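The next block holds one structure in the form of structure tokens; read it before the comments.
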Amino acid sequence: MASPKTPLAPLSPQSTYAESALPAPIQKLERVTALVQAQSLAFLMFEKPDLEAVENFLTDFGMHRVSLNKDQLVMRGSGCAPCIYIARRGQHSRYLGASFTVASEHDLLLLQSQADARRLPPGAIPGGGAGVELVDPAGNLLWLIKGATPVDPIPVRSPLYPLTNGPGITRRINTTVRPPLEPAAVNRLGHLVLQTIDFAGMARWYMRHLGIIPTDVQYLADGSPNLCFFRLDLGSTPADHHTLVIVGGLENKYEHSAYEVVDLDALGQGSNILRTKGHRHMWGIGRHILGSQLFDYWFDPDGLEFEHYTDGDVFTADHETHYSPLDLAGIWAWGDDVPKSMGPQRNLSTLLKIFSLLFKGQLSMSRLKLLGQAMSAPPRPWL
Ligand SMILES: [Fe+2]
């Protein structure tokens, strides 16, 4: 039998600390007073050169077309949101921004008077309603909207887990499991991950304009926060572990967005469909640690990342913020090794980005070293 390259070692210990018991030198993520409490993540907006190609991908990914004309593609899931994805036709493939719902017209007026938000013209929002537009410090749009008309859900199959058998558990007798070979029906848009060169500034800005709560903060070796999983503040109503993730890095960039499907078999059969149709797989199937969800990542036709997920954690607003060290090993519990594309790219383009950030004073040598340290430790040394 071949011996392992290195002795087997346990996974990253995943040491976590509650915010009320943070040891030095871990620094608390400073909070800011929020203007409003966002109620849900409504849809994302992209610019795309080929709307037909992206529609093909999203259909195989499990969404449904609402409308397509020469300028814009609008897609929905099977849930009651009238729209979860918009692509405007343009020269480049790029992320434009996100739209969240707020509770009232009063919130929109407050954002106009306190944050210089611009009122959206009538008809701008697929699904209707009113809204305002802000621009985040990295130049991404943030729409806050209210009053969109919900649509009837599209019927989908029931989850299979109530029929799962196990040792001493026989829920399924005289019948079989045959999940249909079909796209993984996307129920809803779950979360968005953005990379930023100014972690503290972006985290502050989104906390102020969305009222989001840090669920899990990850810190660099000097104790400085560099990544945060934020959830919505819905009071005693459970909210997803993360709806927005901000991660510090070498560029301002859309990382990925994630869409909820019904169960693990949907991830598996959805993966079969996407492979059969020739789409490019990125990573999965596996289980994340922070958020706990089962995941499967795919590239759209232009290389942007889209995640299918199921079985994520939810927390009420009173759940305390926790802190853990940032490293690649902490990203997932099991599944294939993390793809190289998720770590730092050692190439000329990265080098140029670093020189530019150093020159503009947006990055220090010590922070560069800390970022390199966090991302270069092999996550699974025995693989
Ligand atoms: Fe994700």
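Just so it is clear, none of the values below were taken in a lab; they were calculated from the coordinates. Predicted model, so just to flag it, every value in this text is computed and none were measured. Please note: Cβ atoms are built from the backbone with ideal geometry, for glycine as well, and neighbour counts cover all protein chains shown.
Before moving on, here are some points about what is shown:
- Residue pairs meeting the criteria (Cβ under 7 Å; at least 6 apart or on separate chains; first under 20 Å from Gly335 (Cβ atoms), in segment 361-381; second hydroxyl-bearing (Ser, Thr, Tyr)): Pro381/Thr6
- Extreme residue, surrounded by the fewest Cβ atoms within 10 Å (Cβ to Cβ), among residues of segment 108-151 that are under 16 Å from Ala42 (Cα atoms) and charged (D, E, K, R): Glu133
- Residues within segment 268-310 that are acidic (Asp, Glu) and surrounded by fewer than 17 Cβ atoms within 10 Å (Cβ to Cβ), tallied: 1
- Options Leu358, Leu363; residue that is more than 16 Å from the ligand (Cβ to nearest atom), crowded, with 17+ Cβ neighbours inside 10 Å and either outside any strand (DSSP E or B) or of a type outside the set (Asp, Glu) (or both): Leu363
- Residues that are hydroxyl-bearing (Ser, Thr, Tyr) and farther than 13 Å from Pro137 by Cα, drawn from segment 195-251: Thr215, Tyr219, Ser224, Ser236, Thr237, Thr243
- Within segment 245-264, residues that are closer than 17 Å to Glu307 by Cβ and assigned to a strand (DSSP E or B) reach partners that are of a type in the set (A, V, I, L, M, F, W, C) and within 11 Å of the ligand (Cβ to nearest atom) with beta carbons closer than 6 Å, at six or more positions or on different chains, in the pairs Val245/Val193; Val245/Phe229; Glu255/Val193; His256/Val193; Ser257/Leu192.
- Those strands (runs of 3 or more DSSP E) lying entirely in segment 51-159 with at least 2 residues among the aromatic types (Phe, Trp, Tyr): 94-101
- For segment 236-264, the set of residues classified as basic (Lys, Arg) and within 10 Å of the ligand (Cβ to nearest atom) is empty.
- Subset of segment 317-345 that is among the aromatic types (Phe, Trp, Tyr) and more than 16 Å from Cys228 (Cβ to Cβ) - its residue that is nearest to the chain's Cα centre (by Cα): Trp332
A quick yes/no check of all residues on (1) away from the ligand (no atom under 13 Å from the Cβ); (2) of a type in the set (S, T, N, Q); (3) farther than 19 Å from Asp327 by Cα; (4) in a loop (DSSP other than H, G, I, E, B):
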residue: Gly270; (1), (2), (3), (4): yes, no, yes, no
residue: Ile273; (1), (2), (3), (4): yes, no, yes, no
residue: Gly278; (1), (2), (3), (4): yes, no, yes, yes
residue: Leu290; (1), (2), (3), (4): no, no, no, yes
residue: Asp302; (1), (2), (3), (4): yes, no, yes, yes
residue: His308; (1), (2), (3), (4): no, no, yes, no
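- Taking the listed residues Thr170, Thr164, Thr175, the one that is farther than 22 Å from Thr101 by Cα, surrounded by 10 or more Cβ atoms within 10 Å (Cβ to Cβ) and without any contact (Cβ under 8 Å) to a residue 60 or more places away in the chain is Thr164, with no other qualifying.
- Among the conditions (1) under 20 Å from Val245 (Cα atoms); (2) part of a helix (DSSP H, G or I); (3) not hydroxyl-bearing (Ser, Thr, Tyr), the only one that Leu352 does not satisfy is (1).
- Residue within segment 312-320 that is on the phi > 0 side of the Ramachandran plot, touching a residue at least 40 places away in the same chain (Cβ under 8 Å), within 13 Å of the ligand (Cβ to nearest atom) and out of contact with any helix residue (DSSP H, G or I) (no Cβ under 9 Å at 6 or more places or on another chain) present: no
- Among the residues of segment 31-67, the one identified as surrounded by fewer than 16 Cβ atoms within 10 Å (Cβ to Cβ) and touching an Asp or Glu at 6+ places or on another chain (Cβ under 7 Å) is Arg65.
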